[in-house]
Amino acid sequence: MIIQVQGKYKGIDLEQEEAQSRPEYRTLRKTKGTYVLLVSVRRNTPLKVGALGKIEFGKGTYAYVGSAQNGIEKRVARHLRREKRKFWHIDYLLVQEAVRIEKVLYKRAPRQEECRIAQTLSKPGNPVRGFGSSGCSCSSHLFKIEEGSLFEIMESWGSDPLTNFRKPSGE
């Protein structure tokens, strides 16, 4: 399902096996911007994440903020692959069997919007310190959030960067 959000923000529900063949996924091909991966960790998952060391990922829902200035399609396709060279912190998490990308929210935006969104998510979310933020001054780009609460959180932000997200019908 594509989530049309006042023409500014969009989102896609993903079935990992078929996502890349869906028409709404192909709209990402030329989109340069910022994205939020909604990630489900289905059981407690301890793992070593590069130089960050061992991190215990508790069962729950996480929001990861990233940017793709060469096209979101390529970046999301990489995130969806289980087999890949581990380059970014998120790669270590996404290759785990108990982990699944549930949705991708995205918007056309310059790279600096990534940090604005991460700072906004840091208020209601529980940051995984240092995760995905080695190239900036943010505390994290990965946040544990209450299951099902992301749209409610975003609706309460007023004029912050994610204001235009809206809860899709049926959720």
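In 5 Å bins starting at 0, how do the alpha-carbon pair distances of segment 26-148 split up by percent?
2, 11, 22, 26, 23, 12, 3, 0
Please sort by residue number the GluC sites (Glu not before Pro) in segment 79-140 whose DSSP state is loop and whose Cβ has at most 13 other Cβ atoms within 10 Å.
Taking segment 79-140 and a limit of 13 other Cβ atoms within 10 Å, the loop GluC sites (Glu not before Pro) found are 83, 97.
Among the listed pairs 74/123; 54/123; 48/74; 48/107, which have their C-alpha atoms separated by more than 28 angstrom in this model?
Result: 74/123; 48/107 exceed 28 Å.
All of the numbers you see were taken from the coordinates with simple rules; none came from a lab. This one's a predicted model, so the numbers in the text were calculated from it and none came from an experiment. So basically every Cβ, Gly included, is an ideal-geometry build from the backbone, and we count neighbours across all protein chains shown.
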